[in-house]
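The next block holds one structure in the form of structure tokens; read it before the comments.
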4 protein chains.
Amino acid sequence: MKIQEGSYVLLFHTPRKKWLTKVTADKKIHTHLGVIDVGATVGMEYGSVIRTTEGKVIFLLEPTIHDFIMKSERRTQIVYPKDLGFIAARTGMKNGSKILEVGTGSAATATFFASIVKPDGHVYSYDVNPDFMEIAKRNLEKASMADYVTLNHHDPHLGVEEREMDIAIVDLGDPWTVLDQVHDALKGSGAFVAICPTMNQIEKTATELKKSGYADIETVELLIRVMEAREGMTRPSMRMIGHTTYLVFARKVQKKAHTIDEQAEEGDEEEREGPEE
Amino acid sequence: MKIQEGSYVLLFHTPRKKWLTKVTADKKIHTHLGVIDVGATVGMEYGSVIRTTEGKVIFLLEPTIHDFIMKSERRTQIVYPKDLGFIAARTGMKNGSKILEVGTGSAATATFFASIVKPDGHVYSYDVNPDFMEIAKRNLEKASMADYVTLNHHDPHLGVEEREMDIAIVDLGDPWTVLDQVHDALKGSGAFVAICPTMNQIEKTATELKKSGYADIETVELLIRVMEAREGMTRPSMRMIGHTTYLVFARKVQKKAHTIDEQAEEGDEEEREGPEE
Amino acid sequence: MKIQEGSYVLLFHTPRKKWLTKVTADKKIHTHLGVIDVGATVGMEYGSVIRTTEGKVIFLLEPTIHDFIMKSERRTQIVYPKDLGFIAARTGMKNGSKILEVGTGSAATATFFASIVKPDGHVYSYDVNPDFMEIAKRNLEKASMADYVTLNHHDPHLGVEEREMDIAIVDLGDPWTVLDQVHDALKGSGAFVAICPTMNQIEKTATELKKSGYADIETVELLIRVMEAREGMTRPSMRMIGHTTYLVFARKVQKKAHTIDEQAEEGDEEEREGPEE
Amino acid sequence: MKIQEGSYVLLFHTPRKKWLTKVTADKKIHTHLGVIDVGATVGMEYGSVIRTTEGKVIFLLEPTIHDFIMKSERRTQIVYPKDLGFIAARTGMKNGSKILEVGTGSAATATFFASIVKPDGHVYSYDVNPDFMEIAKRNLEKASMADYVTLNHHDPHLGVEEREMDIAIVDLGDPWTVLDQVHDALKGSGAFVAICPTMNQIEKTATELKKSGYADIETVELLIRVMEAREGMTRPSMRMIGHTTYLVFARKVQKKAHTIDEQAEEGDEEEREGPEE
């Protein structure tokens, strides 16, 4: 595929020296490797090579959503690919899935989900913050996903319209405050997931989910470790991301089906065992 | 959605006591919680509740591909959801993606990818083992994905027909033996990923990728940790999966664009830094 | 060193097939590898070999405290070697150190610390539970550490006698209830560490430490991962211990030296940064 | 304990703003928090407080070996406290232990071990590099450990003099080259540990250990994770050390006691199991 004006390209030299940029005629980027003539890439194939003014090799890569997320400036507020990908795999997200999202943010997450559930699925996303809604709208159009995402500038605490949703994703500081509204929106056995950075949030969310008509509640975290895989010298990288977020999963069931005895049972299962060697 | 004869249902009591079964009239399952009348679930809604003969609550959950994978018997050979989800997110997999898969196995992986790339995308999967091909065919039909996956009973070492693939996934014991064939099949800048359980495999694969016209080579592993999130007693679970596999990612670029100096450069970046606190 | 009657020996075949036992004349152990004639080891050297009645090789290893801990029956209540070792290294524990221990348990921990701080150091250990005190006394005598550990059957909440302690280790369900008593017992700049399995405990302990005349408060957890290191097939083990405990470290300083502004400062340091790649 | 001229003090404001320095009269340190009058601390108690010229609180902490290691400049070459502590705990290191060390480096490790095994134990350390020997000598004297460490400027490949050692620690790039020499030096059942940063090293070392009269061979890595434990907002730190080193443990046994069948057995144990959930 050929690079066009207005396309995005990832100018890649090495993992630590790469730049994500929009291609415009006459654009040049000044780097410590020399000047990169971005405008000259128009008409070239993705995967081909140009050189900087100092002769360094630059690969012209086609950015994926992973590149956009990892190059984002708002690093403390993004949801990482490892977490997005696991949410998709864990909830059975696929073409045709109808997704309720509470907490749109910049729509990065909605963009990712829409790319998977389209063309037969849809994302219905709620946020009360008008600024986010504006940014979200622009980002969705830029990513050509606007047809598959409906933005609702409503307070989800007042209830949401949607029903029979396959999956609900909640990205709020206090996810336990929308469990009933989400319960109404989900189909029976529909998947729930809350994005919770702190242990306080997972404790509160899991506790409330149990009382609110959800079962199969599981909280996880995913850690990613880069390996330096080199001939004769393979080892893990010395640096590592320590934490992004916890994820609390559950499924909508009939309300009030748990008795106190059964709640106690689940807790017991773990206590009786010690750590596995 | 109502449960029908021939549907699958996940009979859920607690995380450690659940059963995945196909619903047929007159089927009963004997468990230590009592007998579960599976046949009686026909016509009931997913998310509703039945009780065993001893009065224990059983939720009727709709199984997702995650449930099928985690309940699979061949646990040592599956690719886990955390790895599948990350492969999807990391490679930008979405509706319309054309995927080349080398190593079909039981088609569990092809099924997952097809569910994402359909209806506009397709998976082209190669395996030399005729037994796998039979099992794969049946599994794809069972999962209603047969229209989106082409099974090729050919030795991929002899070359593959496909061209301009968006993503290539290699699940072989010796992935470095098909790098040229995969390179021909990928579009420029197309994504490559190899599933490599051992350190020896990642070392060999990464080393050969570098010489074979691939850039942005990164090897990672994902660890998943379950949290026991309970009121007043939140902590990580005492047990944990220690390892599933490493994943080697790369992107197809023009061949022979790396000089020896530039290869050395990438190695240097890491050596100069120490561990980050 | 020769094995004697009354010695302990670790009968080792493979990592999963080993037995820790006390040597007595005429003792035989029946295993699925055959019968092991334990009595016959008297007079043999540690490190030598005997065979079972089925000809399997058994190494006669001299057990270390690591073996005793890992073979302990009360697995859910032990402090693991990785945590004990880090406590020692992190607090600067060495010959001559005076250690205050709150929560004796079975004295396994006191035994380990005494082995390091002897002969010039000492462990002063408190527990209110009379049963533990009896067991502890016997264990210390068995380990020949009784001279270096003073057991106090007192409630440490009522205050402890000791002063100018180098290190204080607290293993209670509610460590924040003894911070003042421990503060009085420690020398200036003395090290504090609390063994806290849950998030709730570390949150409460760290918060109270800050208000109680302690600085340099740091909470950590250590994860241990076994590697299967074999020719051509090296990878991490598939199983892993998910969690043992958190450790909260601090140092005694002058009370009331923190202003509200400075407390806020520490919190800010972390917020401003995002995850490191 | 009072601070004296020539003492070391850790000037602590917050975890990220602290300085380790030697106290001399008239010394002042200029920091972005203001000027710290180091000379003025002479005669003050460790644990007390001074203020910078801008009124910021500085705690006067007594540095432990942990502080010295973490503040070391040669971060890529140190052995971290978590690894040192585990080596001590895992090998049963205690007062009286006789330790053979191959690879002295700067003697940081010998200093730590000597502090534990003194006064009845001893460290015998070998290194061929004369520069290291000079630095090591000075560091040991500075740490008052010179009486407990014997430095041997010999090539250990030519054999070592010591016999009946309790523990042997090898910190070389190619530890498998000294296994016989170390075997001769260890007592029967004596502990062996090699510090190996790469997977290539652990593979080679573990493979050779098996053939060289060692049993109970286990390779591990320890990961340390800092927790931000704050009221209402407890979570893991966003940054993390990705890797320091692997540790290969073993014990000396009689040579040639393994048959080919038994070696195969150990390998089988792991293969039959899949990952534990």
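Structure notes:
- Candidate set from the range C:72-119 (those that are of a type in the set (A, V, I, L, M, F, W, C) and part of a loop (DSSP other than H, G, I, E, B)); member that is nearest to C:ARG163 (Cα to Cα): C:MET93
- Residues in the range C:146-156 that are under 27 Å from D:GLU45 (Cβ atoms) and either open to solvent by 70 Å² or more (accessible area, probe 1.4 Å) or part of a helix (DSSP H, G or I) (or both): C:PRO156 alone.
- Residue match in the range B:163-179 (condition: among the aliphatic types (A, V, I, L, M), open to solvent by 20 Å² or more (accessible area, probe 1.4 Å) and away from chain A (no Cβ under 11 Å)): yes
- Within the range B:112-124, tally of residues that are open to solvent by 20 Å² or more (accessible area, probe 1.4 Å) and either more than 9 Å from chain A (Cβ to nearest Cβ) or of a type outside the set (D, E, K, R) (or both): 3
- Selection within the range B:180-194 - more than 9 Å from chain A (Cβ to nearest Cβ) and either open to solvent by 10 Å² or more (accessible area, probe 1.4 Å) or of a type in the set (Lys, Arg) (or both): B:ASP180, B:GLN181, B:HIS183, B:ASP184
- Some residue of the range D:112-126 being basic (Lys, Arg), modelled with pLDDT of 95 or more and either more than 13 Å from the chain's Cα centre (by Cα) or more than 21 Å from D:LYS18 (Cα to Cα) (or both): no
- The listed residue being under 17 Å from B:ASP180 (Cα atoms) and small (Gly, Ala, Ser), out of B:GLY242, B:GLY213: B:GLY213
- Residue check for C:ARG235: under 30 Å from B:GLY173 (Cβ atoms) and at pLDDT below 95: no
- Matching residues, the range C:36-61, being basic (Lys, Arg) and touching a residue at least 24 places away in the same chain (Cβ under 8 Å): C:LYS56
- Scanning the range D:204-233 for residues that are of a type in the set (D, E, K, R), open to solvent by 30 Å² or more (accessible area, probe 1.4 Å) and within 7 Å of another protein chain (Cβ to nearest Cβ) returns D:GLU218, D:GLU228, D:ARG230, D:GLU231.
- Test: residue in the range A:84-100 that is open to solvent by less than 10 Å² (accessible area, probe 1.4 Å) and farther than 30 Å from B:LYS71 by Cβ: no
- Within the range C:168-183, residues that are in the same structural domain as C:GLN201 (by TED's automatic domain parsing) sit with their Cβ atoms under 9 Å from residues that are assigned to a helix (DSSP H, G or I) and open to solvent by 50 Å² or more (accessible area, probe 1.4 Å), at 6+ positions apart or across chains, in these pairs: C:ASP174/C:LYS204; C:PRO175/C:LYS204; C:TRP176/C:LYS204; C:THR177/C:HIS157; C:VAL178/C:HIS157; C:LEU179/C:LYS211; C:GLN181/C:HIS157; C:GLN181/C:LEU158.
- Scanning the range A:125-144 for residues that are crowded, with 20+ Cβ neighbours inside 10 Å and not in a helix (DSSP H, G or I) turns up A:SER125, A:TYR126, A:ASP127.
- Test: residue in the range D:34-46 that is within 27 Å of the chain's Cα centre (by Cα), open to solvent by less than 30 Å² (accessible area, probe 1.4 Å) and of a type in the set (S, T, N, Q): no
- The range C:38-71 - residue that is within 23 Å of D:ASP83 (Cα to Cα) and not in a helix (DSSP H, G or I) and, of those, modelled with the lowest pLDDT: C:LYS71
- Cβ-Cβ under 7 Å pairs, at least 6 apart or on other chains, the range D:1-26 side loosely packed, with under 13 Cβ neighbours inside 10 Å, far side part of a loop (DSSP other than H, G, I, E, B) and of a type outside the set (Lys, Arg): D:LYS2/D:GLY43; D:LYS2/D:MET44; D:GLN4/D:VAL42; D:GLY6/D:VAL23; D:LYS22/D:GLY6; D:THR24/D:GLU5; D:ALA25/D:GLU5; D:ALA25/D:VAL42
- Residues that are within 14 Å of B:LYS18 (Cα to Cα) and either at the interface with another protein chain (Cβ under 9 Å from one of its Cβ atoms) or open to solvent by less than 20 Å² (accessible area, probe 1.4 Å) (or both), drawn from the range B:48-57: B:VAL49, B:THR52, B:LYS56, B:VAL57
- Just one of the numbered conditions (1) open to solvent by less than 10 Å² (accessible area, probe 1.4 Å); (2) over 30 Å from C:LYS252 (Cβ atoms); (3) not in a loop (DSSP other than H, G, I, E, B) is not true of C:ILE29: (1).
- Residue within the range D:77-95 that is more than 9 Å from chain C (Cβ to nearest Cβ), of a type outside the set (Val, Ile, Thr) and within 18 Å of D:ASP171 (Cβ to Cβ) present: yes
- When D:LYS2 is tested against the conditions (1) among the basic types (Lys, Arg); (2) under 30 Å from D:SER189 (Cβ atoms); (3) not assigned by TED's automatic domain parsing to the domain that holds D:TYR148, the lone failure is (2).
- Scanning the range D:1-22 for residues that are facing another protein chain (nearest Cβ under 8 Å) and outside any strand (DSSP E or B) yields D:MET1, D:PRO15, D:ARG16.
- Filtered residues of the range A:234-246 (kept if within 7 Å of chain D (Cβ to nearest Cβ) and part of a loop (DSSP other than H, G, I, E, B)): A:THR234, A:SER237, A:MET238, A:GLY242, A:HIS243
The values are calculated or read from the model by the stated rules, or taken from the named source; none is laboratory data. The shown structure was predicted, so the numbers you read here are calculated from the model rather than taken from an experiment. Using ideal geometry, Cβ is built from the backbone for each residue, glycine included, and neighbour counts are taken over all protein chains shown. Ligands, DNA and RNA are stripped out before the accessible areas are found, and what is left, the full protein with its side chains, is counted by its heavy atoms. Shrake-Rupley method; radii C 1.70, N 1.55, O 1.52, S 1.80 Å.
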